[in-house]
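Participant: Supplied in structure tokens, the structure appears directly below.
The values are calculated or read from the model by the stated rules, or taken from the named source; none is laboratory data. What you see is a predicted model, and the numbers here were worked out from it, not measured in a lab. All Cβ positions, glycine included, derive from the backbone under ideal geometry; neighbour counts span all protein chains shown. Heads up: the accessible areas ignore ligands, DNA and RNA and are worked out on the full protein's heavy atoms, side chains in. Shrake-Rupley method; radii C 1.70, N 1.55, O 1.52, S 1.80 Å.
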Amino acid sequence: MRSMGCLSLVLTGWLAACAPQEPRSSPTAPVVPPSEPPADEPLPAVVSPWRFEHPLPQGNTLHGIWVGAGEAWAVGERGTVVRLRPEGAEQQAQGTTLTTLRAVVSEGQRLWAVGDGGILLRGEGGRFAAYRIAQDDLLTIWLEGAEPACAGKGNQWFRFDGRRFVSGSLPVLGPADAVRGAAARGTDLYLVGTSGRILHRTPHGWFLEGDGLTSLDLVSVALLEDGTVYAGGAGGRILRRDPRTQLWSVDHPRGSLLWTRAEVRAVFSVAGSVLAVTSDGVVLRRGETDWAVEASGLGHLRAGAAGGAGALVVGDGGVVLRREAGAWRPPAGLARLGAMALLGVASDGAVAYAVADDGSVLRRQDRDVPLRWVLDHAPGPLAQPLYAIGARDGEAWAAGSGGVLLRRTPQGWQPEPYMWPDRRPDWRGIAVLPGGEVFVVGGAVTPEADAEAAILHRTAGVWVRERPIPRVTSALQAVASDGRHVLAVGTAGTILRREGMSWIVEDSDVADDVQLFALTVVDGLFYAAGTGGAVLRREVSMGRPRWVREQIAGAGSLLALAAVGPELWAVGAGGIAAVARGGSWAVEPTLSASHLAGVAVLPHGLLAVGSGGTVLVRSLAR
């Protein structure tokens, strides 16, 4: 146990930083307070036609939370701001910025949040604006009196002087360092960050404390009413400062079962208890001498805080949990069926279904209720991920890993029997044609441990295995038909066309470097899409097919395609959605950071599904 003030600075060669000092200030890009006219224009807002349908009110990862007397505010990816009150939760500030917000505070009617790229978000009375006040990411924010201050990557901090933000230098820290957490009370301020550094500011200046207790990053800090300070960080590190001795010591849980290598993302006090929240979904409660597990299995958590409105934690997929009588439950206004990744979606015009990585199937209700999605098929203990779903004329089929093939009957989803002599394939794509004809494609492993394309065809109620000639070693990802031909695409740019009962390779020198994940038909033409934002269009001239490659600028992997009249829609990694109209592509902001793996057409709109149980809906004019 060591106290690190001036002596530690001398020993480590930072003597200059030991003398009490106020940070030097220099002006930065001004940010306008609510009561002043704009000095700099706010960053332009983004309007998105997409909205969340599941989970509610939204599904982006939340990175920061502030809890006040009667309400709480949470912030996260894509500029997400969620207001939490006893009567419910509401998403606000949609499209004000697409930057990830990392931390938030509120004072009276004003809200301040900071995030990546030096962005600061200001809100008052339901109106929000974003400004850039720094070049580097801002990771933490706190209140000094009634005004905000913030810091992040680098050795600068920023303080609002009532009119604009001004910057100052932090001692000891260099340009490669970062401040990850802050706690202020009265005249004391604690900042924690990279390499286990703890800065303590008093009326006498800045002091480095706790030096040498850990070399791992500290990401959270809490200053309690009695003066005790806790800091948490990487490797499950928890440090404690005794207010009587003013010394820091290691305060990790002693029991081996309680030890965690996850980050301690938050430490706070509530109802006389001190709680620590870890990134792997564990909440620890400190007793008189040690820590005990209060809850576990809460998901991937990012932050936590407590105040008059209670104790809350937030995390991936928009998860928010409130502490009630020692148990952690979703507060009012939040609705979700689970944190599964949705991997495919299909609609027959009347009913829509989505399949998930935990083997479940969701169904969209055809009535206007707050949560339109219900669990239609609950997975068993040995369930496999479902990757593909197809629906037409009241029929629905789902397929996935381990050869799983399901059909929806009046009795629910039932396994569909079929013969396959070798190890069961992993199914990835499905196409339901008129008359009950179905194609399922994927990848399999032969008894000789060789990989090969797998194709299953259902006609007249009978399943038949079909083979490419010659044998194809790539896994297939998608299959589609234009009414005359059936094509399938897959890894390594593989494109197959059905001829009779066999399949042949269609040569394409424009797809050799593309992994193809999606296939559909628009106005009689096949389109395929895959990695690097590549879109392939099939043209036929003189009876010979030819594939033409297009590129969606700035797009990553495109995972699904859908046709709406003459329009072609694509969705994919990072929440991208793009539409081709009149021969050119336009990217639409979805305000979601989820990887969108499926897209389907509704009578008057589109559905897109993805990670974290995300379901987005977009209206289309008809």
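Participant: Which loop trypsin sites (Lys or Arg not before Pro) in the range 231-305, with loop taken from DSSP, have no more than 14 other Cβ atoms within 10 angstrom of their Cβ?
Facilitator: Filter output for the range 231-305: Arg244, Arg254, Arg261.
Participant: If you don't mind, there's one more thing I want to ask. By how many nm would the segment from Arg163 to Asp366 lengthen if fully extended, with 0.36 nm per residue of separation less the alpha-carbon distance?
Facilitator: 67.9 nm
Participant: Residue by residue through the range 214-222, what is 3J(HN,Hα) from phi via Karplus (6.51 cos²θ - 1.76 cosθ + 1.60, θ = phi - 60°)? Round to whole Hz and write x for glycine and proline.
Facilitator: Result, ordered by residue: 7, 9, 8, 5, 9, 10, 8, 8, 9 Hz.
Participant: Would you kindly compute the Cα radius of gyration of the range 138-200 and its largest Cα-Cα separation (Dmax), both in Å?
Facilitator: Cα-based Rg and Dmax for the range 138-200 come out at 11.1, 34 Å.
Participant: How far apart, in nm, are two points set 7 Å out from the Cα along the Cα-to-Cβ line at Glu437 and at Ser584?
Facilitator: That separation, rounded to one decimal, is 3.9 nm.
Participant: Let me ask another. Roughly what would the spin-label model give for Ala271 and Tyr418, points 7 Å off Cα along C-beta, in nm?
Facilitator: Spacing of the two 7 Å Cα→Cβ label points: 5.3 nm.
Participant: Let me check against my output: what whole-number percent is the relative contact order of the chain, with C-alpha pairs under 8 Å and at least 6 apart?
Facilitator: 10
Participant: Now for a different question. Expressed as a whole number of Å, what is the distance separating the alpha-carbon centroids of the range 105-174 and the range 567-622?
Facilitator: When both Cα centres are located, 34 Å separates them.
Participant: Which whole number of Å³ per residue matches the convex hull of the alpha-carbon atoms in the chain?
Facilitator: Output value, Cα hull per residue: 187 Å³.
Participant: Still on this structure: Among Gly359, Leu301, Ala69, pick out the residue whose Cα is farthest towards the positive end of the charge dipole of the chain, where Lys and Arg carry +1 and Asp and Glu carry -1 on C-beta, about the Cα centre.
Facilitator: Most positive-ward Cα: Ala69.
Participant: Can you tell me the dipole magnitude for the range 519-563 around its Cα centre, using point charges on the Cβ only (Lys, Arg +1; Asp, Glu -1), in Debye to the nearest 20?
Facilitator: So the magnitude is around 180 debye.
Participant: How big is the charge dipole of the chain about its Cα centre, in debye rounded to the nearest 20, if each Lys and Arg gets +1 on its Cβ and each Asp and Glu gets -1 on its Cβ?
Facilitator: Once rounded to the nearest 20, the dipole reads 380 debye.
Participant: So who's got an amide H within less than 5 Å of the one on Val404, skipping anything under 5 residues away but keeping other chains? H placed 1.01 Å off N, in plane.
Facilitator: Trp427
Participant: Let me ask something additional. Please tell me the relative contact order of the range 440-558 in percent, rounded to the nearest whole number, where contacts are Cα pairs under 8 Å and at least six residues apart.
Facilitator: Worked out over the range 440-558, it gives 16 percent.
Participant: On the full set of protein chains, 1.4 Å probe, figure out the accessible area of Ile552 and give it in Å² to the nearest 10.
Facilitator: 10
Participant: If exposed means no more than 14 neighbouring beta carbons inside 10 Å and the site is in a DSSP loop, what's the longest run of the chain without any exposed GluC sites (Glu not before Pro)?
Facilitator: The longest uninterrupted stretch comes out as 449-622.
Participant: Next up: Once both labels are modelled 7 Å past Cα along the beta-carbon direction, what's the Thr446-Val374 spacing in nm?
Facilitator: Modelled inter-label distance: 4.8 nm.
Participant: Put +1 on the Cβ of every Lys and Arg and -1 on every Asp and Glu Cβ in the range 457-522; which of Val486, Pro468, His457 then has its Cα farthest towards the positive end of the dipole?
Facilitator: Towards the positive end, the residue furthest out is His457.
Participant: Something else now. Using 0.36 nm per residue, how much length does the chain from Arg544 to Glu87 gain when fully extended, once their Cα-Cα distance is taken away?
Facilitator: Between Arg544 and Glu87, full extension yields an extra 158.2 nm.
Participant: Taking the Cα centroid of the range 360-375 and of the range 446-486, what is the distance between the two, rounded to the nearest whole Å?
Facilitator: Between the Cα centre of the range 360-375 and that of the range 446-486, the gap is 33 Å.
Participant: Which one of Thr590, Ala184, Gly556 is farthest out on the positive end of the charge dipole of the chain, using unit charges on Cβ (Lys, Arg +1; Asp, Glu -1) and the Cα centre as origin?
Facilitator: It is Ala184, whose Cα lies furthest towards the positive end.
Participant: Which trypsin sites (Lys or Arg not before Pro) in the range 319-390 sit in a loop by DSSP (not H, G, I, E or B) and have at most 14 other Cβ atoms within 10 Å of their own Cβ?
Facilitator: Arg367
Participant: Continuing with the same structure: Charges only on Cβ, +1 for Lys and Arg, -1 for Asp and Glu: so what's the dipole of the range 28-162 about the Cα centre, in debye to the nearest 20?
Facilitator: Value, rounded to 20: 220 debye.
Participant: Further question on the same structure: Between the range 68-91 and the range 287-329, what is the separation of their alpha carbon centroids in Å?
Facilitator: If you average the Cα positions of each part, the centres end up 16 Å apart.
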